[in-house]
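All remarks here apply to the structure that follows.
The values are calculated or read from the model by the stated rules, or taken from the named source; none is laboratory data. Everything numeric here is computed off the predicted structure, so don't read it as measured data. As a convention, Cβ positions derive from the backbone with ideal geometry for all residues, glycine included, and neighbour counts pool all protein chains shown. For the accessible areas, the whole protein counts, side chains as well, though only heavy atoms, and no ligand, DNA or RNA atoms are used. Shrake-Rupley method; radii C 1.70, N 1.55, O 1.52, S 1.80 Å.
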Amino acid sequence: MVIQETKETPAILYIDLHLIHEVTTPQAFQSLRDKGLSVRDPKKVLATMDHSTPTLPVNSIADLDIVAEKGPADQIRDMIKNCEDFGIELHGFGSDKRGIVHVIGPELGATQPGKTIVCGDSHTSTHGAFGALAFGIGTTEVGHVLASQCLLQRKPKTFAVNMSGALKSGVSAKDIILKIIQEVGVDGGVGHIIEYRGQTAGLLSLEERMTICNMSIEAGARAGMFAPDDKTFDYLIDKPMSPKGLDWDEAIQRWSRLVTDENAEFDKEVTIDVDRLSPMVTYGTNPGMAMQIDDVVPASNGDLGHKQSLNYMQIEADKPIIGKEIDVVFIGSCTNSRISDLHDAAEILKGRKVSNGVRALVVPGSQAVKKEAESLGLDKIFESAGAEWRESGCSMCLGMNGDTVGNGQLAVSTSNRNFEGRQGKGARTILASPKTAAASAIAGSVDDPRKYS
Amino acid sequence: MTQGNIVNDMEKIIEFSSKTVVLSVNDIDTDQIIPARFLTVTTKDGLGDGLFADWRFDEDGNKVEQFPLNQDKSDGCTILISGSNFGCGSSREHAPWALVDYGFKAILSTSFADIFRNNALKNGLLPLTVSEEFHAMLTENEGIEVTVSLEKMMIHASNGMKEAFDLEPFSRYCLMNGIDQLGFIMNHEEQINAFENKGQ
Ligand code: SF4
């Protein structure tokens, strides 16, 4: 913290790591040019291309015009030029470090406990899995951070999500966070930062914690966090950007102290019983419209828009959701595209086939995840099942790069938003875990993954 | 650090009046405000064309007549009344840019998503939180003339109803004086240097 907040002025918060990508930065770089400013510390900027980037191979920039439409292609060229002009290293095409911002930060060890991390993307909350303070900002603020390495902030309120019990077979971290959002509502966390705690927290892997923190924003919270522990340190120990040697020992000491006091009081609290959790799916047009997969679709959730939402989804109230026919399965996004997610899906798809008429797209979160999956033969499992295997990127999560769900089509997607048209104009989205997505791909309709466990 | 020219060239906002247009839907997300396919731009220009695109236009690109923004009564309105949790979802600043480009100066709702609110304030768009009662009055009286005064921190409706609103003093000061917030940060360069030297 450079300057504390006062009644009149916000705090000036120093930013340790700034993640940038092609979609929310062009206007920020332009504002720097207009004001004659430089980037204060290019080494604290981690730049990649993911949002509008094609998931078909691009070996040279000339390829770009073949696989991408003009808008995204121009945006990508703009990103390359901006990074060159301002001295920022870009993990672009050809880099084995390229990938979705929220996947590569942790993978490279750039994400570390106690860091302040921002990005022009709301799912920056993902990095809170490491005990970092990480949140999304707008493009004007991207400009502020580029120019000054600082951000104006007010102190948020605190929110504890207490979790008890262990995940049962066939149930995933994605189901925990969908349950939490269903409980607290899509605006339940507004103005707050969530700490996920309790017995379950220690049992979850870092990748599972990332899935949960990722969707904190879907409960309206700006950030989510887990206290760093031995699992955090084990994850980070051999990563390229992690501290080395004596610095590592010193870092562990420092990081170990980053836990909330025993008797800390929170502005808000909820409790989730993970033991009793079933796989969850969404049935409506926001992530809070979630249900247990083996339930019937609720006739109301108390919200005025409920009926309209079901109309858009063409999903009927009081009927089971299992068996609802689908057109597309998308396995990917910063929520669920890491190696453990691909494992979960591959385990179910192995030796089985994607149902006729269903398009299944598997998009690894980064080039490193892609390489690891290929070394384990997961790509072969997906391809033999009839799924498409792509280069890394955001892909169908927001449908900017040409990978979209068709108008009126229904998708089971491991991404994080089921808003109207999020995955393409007129697209309908059911959010679920990679296990549920894989089971549904085989059935050709929404299906319960527990039958495979 | 290059100090450059931090120009305070934002429009100063003191007070304005307009008829209102109502979109009484809760949880309007930024994907509805401006769908992702409009984000492949490198400037802020013309984003108003994509505002609520999937609600304003049908599949063939024709205007959807029932949609409030397509009705004559909304012509020239600069104040939008919306349902709660307006602007949830992504951090895209394209959402406030699109609203501003379309001509809006204020959104009145019972609550806003954090990032949207923050982004709006940096673009001279006022996200004003009003009480349930005042909101209900506005929704029932679509088209009513409303005056927003940043100076008095008040919203006056032409039927005599009024309500005070809250806005953090710093944002208000910047908006009323057309100040770019980056200037405030850059004025603390010494402290930033000192912070970097001690901790990093
Ligand atoms: S995968 Fe989806 S949610 Fe994640 S950063 Fe990309 S667009 Fe955003």
Can you tell me which residues in the range A:5-52 are more than 11 Å from chain B (Cβ to nearest Cβ) and among the polar types (S, T, N, Q)?
A:T48
Looking at the range B:109-200, what helices (runs of 4 or more DSSP H) fall wholly within it and have at least 3 residues that are on the phi > 0 side of the Ramachandran plot and surrounded by fewer than 20 Cβ atoms within 10 Å (Cβ to Cβ)?
none
Given the conditions (1) closer than 23 Å to A:H102 by Cβ; (2) surrounded by 13 or more Cβ atoms within 10 Å (Cβ to Cβ); (3) more than 14 Å from chain B (Cβ to nearest Cβ), which single one is not true for A:S333?
(3)
Going through the range A:256-299 one residue at a time, which ones are among the hydroxyl-bearing types (S, T, Y) and surrounded by fewer than 21 Cβ atoms within 10 Å (Cβ to Cβ)?
A:S256, A:T260, A:T271, A:S278
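Yes or no, residue by residue, for (1) away from the ligand (no atom under 16 Å from the Cβ); (2) open to solvent by 10 Å² or more (accessible area, probe 1.4 Å); (3) among the aromatic types (F, W, Y):
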residue: A:K370; (1), (2), (3): no, yes, no
residue: A:A385; (1), (2), (3): yes, no, no
residue: A:S395; (1), (2), (3): no, no, no
residue: A:G408; (1), (2), (3): yes, yes, no
residue: A:N416; (1), (2), (3): no, no, no
Flagged in the range B:56-72 as in a helix (DSSP H, G or I) and at pLDDT 95 or above, in numbering order, are B:R56, B:P68, B:L69, B:N70
Test A:K244 against the criterion of being away from the ligand (no atom under 16 Å from the Cβ), open to solvent by 50 Å² or more (accessible area, probe 1.4 Å), basic (K, R) and more than 26 Å from B:R92 (Cβ to Cβ), and give yes or no.
yes
Scan of the range B:88-108 for residues that are surrounded by 24 or more Cβ atoms within 10 Å (Cβ to Cβ), under 15 Å from B:L175 (Cβ atoms) and within 14 Å of chain A (Cβ to nearest Cβ), ordered by number:
B:P96
Which pairs do you get when a residue that is assigned by TED's automatic domain parsing to the domain that holds A:S392, found in the range A:83-107, comes within reach of a residue that is part of a helix (DSSP H, G or I) and away from the ligand (no atom under 11 Å from the Cβ), reach meaning Cβ atoms under 7 angstrom, with the pair 6+ apart or on two chains?
none
Which fully enclosed helices (runs of 4 or more DSSP H) of the range A:190-250 have 1 or more residues being within 26 Å of B:D114 (Cα to Cα) and in contact with a Lys or Arg (Cβ under 6 Å, 6 or more places away or on another chain)?
A:206-214
Only one of A:G323, A:G302 that is among the small types (G, A, S), open to solvent by 10 Å² or more (accessible area, probe 1.4 Å), touching a Ser or Thr at 6+ places or on another chain (Cβ under 8 Å) and part of a loop (DSSP other than H, G, I, E, B):
A:G323
Quick one: is A:H144 touching a Ser or Thr at 6+ places or on another chain (Cβ under 9 Å) and either open to solvent by less than 10 Å² (accessible area, probe 1.4 Å) or within 14 Å of the ligand (Cβ to nearest atom) (or both)?
no
